[in-house]
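Data first, discussion second: the structure below is written as structure tokens.
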Amino acid sequence: TIDNLANLDLGAFDLNLNYDPSELTFDSYTLTDELGSIDLFDAEDWSDGDDGHGTVHLSVLSWLFDLSFQADALTLATVMFTGNEAAMADISLTVIDLADEFGDPITAFTVSDTNISVVPVPGAILLLGSGFLGLLGIRRRQN
């Protein structure tokens with residue numbers, strides 16, 4: 001989350017999400033329409049996505065001159081990862097460049113904490129499945 005953007009219209013962003021590939025596997029990202037619709041050519045997606053080495057690059061440029069429809073707090077993108085272990089994983093933001101609707105840099109902002117909890121889906125399914133097999137085995141012995 002990027003804070004302190006009240007009374008500013010965000011016209012572009014360029015950022016990198018850094019993660020540890022031994023803890024997380026990148027799945028996908030989805031950009032929002034907070035800077036205009038990419039499908040309607042209101043904005044342009046310049047993202048490179050995952051580089052395969054622990055960095056996801058996201059970048060959008062709005063072609064709209066009136067961004068007054070934006071709220072004070074926005075979601076720019078949703079990034080999906082799969083956890084490789086049950087642990088805490090750090091995701092850090094770097095190369096954060098923000099610009100207003102005129103392309104002027106926005107420099108007064110803060111970034112909130114980016115720690116996330118990781119629940120590995122394959123491990124959870126294996127644990128759940130083995131529990132069901134154990135219950136079936138007990139039930140079978142009782143009959």
How much length, in nm to one decimal, is gained on full extension between LEU93 and MET80, taken as 0.36 nm per residue of separation minus their Cα-Cα distance?
3.2 nm
Residue-span extension gain [PHE65 to PHE41] - 0.36 nm each, minus C-alpha spacing
7.3 nm
Please report the net charge: other residues with Cβ closer than 10 Å to the Cβ of PHE26, K and R +1, D and E -1.
-3
At a probe size of 1.4 Å, how large is the accessible area of ASP90, to the nearest 10 Å²?
100 Å²
Where the accessible area of the stretch 24-73 is counted over protein heavy atoms with a 1.4 Å probe, how much of it, in %, is carbon and sulfur?
54 percent
Per residue of the stretch 19-33, what does 6.51 cos²θ - 1.76 cosθ + 1.60 with θ = phi - 60° give for ³J(HN,Hα)? Whole Hz please, x for Gly and Pro, Karplus curve as stated.
9, 8, x, 7, 9, 10, 10, 5, 10, 6, 9, 9, 8, 8, 9
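The values are calculated or read from the model by the stated rules, or taken from the named source; none is laboratory data. As the structure is a prediction and not an experimental result, all values here were calculated from the model. In this analysis, Cβ positions are derived from the backbone assuming ideal geometry, glycine residues included, and neighbour counts consider all displayed protein chains. SASA here: full protein model, heavy atoms, side chains in, ligands and nucleic acids out. Shrake-Rupley method; radii C 1.70, N 1.55, O 1.52, S 1.80 Å.
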